[in-house]
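Input: a single structure, listed below in structure tokens.
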Amino acid sequence: MLKHWLSEQLKNKHLSVDEFSELLIRLLDYGVLCRDESAVEQKFYDRFVQCEELVEDYLSILALRLDHNRRFGYVRVFPPGAQVPGLQDDDQQPFNGGMRARLSQMEVALVLVLRIEYAKQLREGRVDENGCVLVSIESLGIAFNNLLKRSLPENLTERRALLRRMRQLRLVHYQSEDDLDNAESWLRIRPAITSFVTDEALDALLEGAGPLDTAAEEVSAGDKTVSAIAASSLFAGKNEFEGDN
């Protein structure tokens, strides 16, 4: 019965149930769609725009919520209980993590550094028409060292894997992985980083006090939500980064 109703609704939007299903699978698998990432992702994003209300209604049954930024052309899925920028907090906190997955400590650290770099360049007005900012691999490494007193992975394979993870989360974009081996190469930090680390969390991080000092601040990764390392742990100069959780 639900499938029949859905089929009728989709007909008005010139979409089939199979196309709707394909969109949901892609969205839930990746957790995010960015229109300017690729031709394939553009196709899925445009399809999402066609039936956004139906997708939202369908996912609401599972208590999943969407953050759709129409200006910069991306949409991210948040699991039950996640803090969603601009939306009222959900009181449905999962007891065991549910759909959530933790990023490694190094990945969390890089997310926070990317957020700080984005905020810095945003204040300086160095943002392109897509809301992205440019940062070189060299300057990213310097910022990483200044903030965390450690370096990006020296091993090129590990560095590629780390930045590839950021791209999978649609937080950064670069043309080729080969470029990541060159310190003078550039990558773009996407505006989607702002839905990963809230302004409140960023302020606390920069001030060295606040919510991040007491416990994990949630950093959302599409249908996976990870807990960021507390600011006191990141900047205390201890050995928290010797191994991943």
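Miscellaneous remarks
- Top-ranked residue in segment 1-31 [being in contact with a helix residue (DSSP H, G or I) (Cβ under 7 Å, 6 or more places away or on another chain) and not in a helix (DSSP H, G or I); ranked as farthest from G131 (Cα to Cα)]: S16
- Residues that are among the acidic types (D, E) and surrounded by 15 or more Cβ atoms within 10 Å (Cβ to Cβ) within segment 57-80 comprise just one, D67.
- Residue count for segment 32-57 satisfying the condition of being assigned to a helix (DSSP H, G or I) and touching a residue at least 40 places away in the same chain (Cβ under 8 Å): 1.
- Scoring N130 on the criteria (1) out of contact with any helix residue (DSSP H, G or I) (no Cβ under 7 Å at 6 or more places or on another chain); (2) in contact (Cβ under 8 Å) with a residue 12 or more places away in the chain; (3) under 23 Å from F72 (Cβ atoms); (4) outside any loop (DSSP other than H, G, I, E, B) leaves a single failure, condition (4).
- Boolean, L171 is modelled with pLDDT of 90 or more and in contact with a Ser or Thr (Cβ under 9 Å, 6 or more places away or on another chain): no
- Check on R102, basic (K, R) and either at pLDDT below 85 or in the same structural domain as Y45 (by TED's automatic domain parsing) (or both): yes
- The selection criterion, being under 15 Å from F196 (Cβ atoms) and either under 15 Å from the mean Cα position of the chain (by Cα) or part of a strand (DSSP E or B) (or both), holds for V108.
- Pairs meeting the criteria (first residue in segment 11-29 and free of Cβ contacts under 8 Å to residues at least 24 places away in the same chain, second residue hydroxyl-bearing (S, T, Y), beta carbons under 9 Å, at least 6 apart or on different chains) are S16/S7; V17/S7.
- Hits in segment 137-175 - residues which are touching a Leu at 6+ places or on another chain (Cβ under 9 Å), assigned to a helix (DSSP H, G or I) and of a type in the set (V, I, T): I137
- Scanning segment 8-15 for any residue that is on the phi > 0 side of the Ramachandran plot, over 23 Å from the mean Cα position of the chain (by Cα) and not assigned by TED's automatic domain parsing to the domain that holds G131 turns up at least one such residue.
- Scanning segment 1-39 for residues that are under 19 Å from N69 (Cβ atoms) and either hydroxyl-bearing (S, T, Y) or loosely packed, with under 14 Cβ neighbours inside 10 Å (or both) returns Y30, S38.
The values are calculated or read from the model by the stated rules, or taken from the named source; none is laboratory data. Since the model is a prediction, treat every value here as computed from it, not as a measurement. Note that we place each Cβ from the backbone using ideal geometry, even for glycine, and neighbour counts take in every protein chain shown.
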